[in-house]
């Protein structure tokens, strides 16, 4: 899940298994070599405009409140099932 607060994610692999983050522009596929990781980290830490490219308002994975909604739904449905019994 994407952390709240518009945090950049560097994917340290060579495959696109979490394409939602890549497509949303909040992650970058960096690779696994020391040179690529060091270059990417250095650029992001030294260039605020580069870091800002990955700041978006909408989380591609939702708003982080799904678990609370599920619990509320289960409690509501369980109460209805008990009343019907």
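Every number in this text was worked out from the coordinates using simple rules, so none of it is lab data. Because the structure is a prediction, the values reported are computed rather than measured. Cβ atoms come from the backbone with ideal geometry, glycine included; neighbour counts cover every protein chain shown.
Listed values, structure above:
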read-out: Inter-probe distance in nm under a simple model that places probes 7 Å from Cα toward Cβ, at residue 44 and residue 56; value: 1.5
read-out: Computed E for residue 10/residue 71 - FRET, C-beta separation, R0 41 angstrom, nearest 0.05; value: 0.80
read-out: Mean separation of Cα contacts under 8 Å, 6 or more apart, over the residue count of the range 9-84: relative contact order %; value: 24
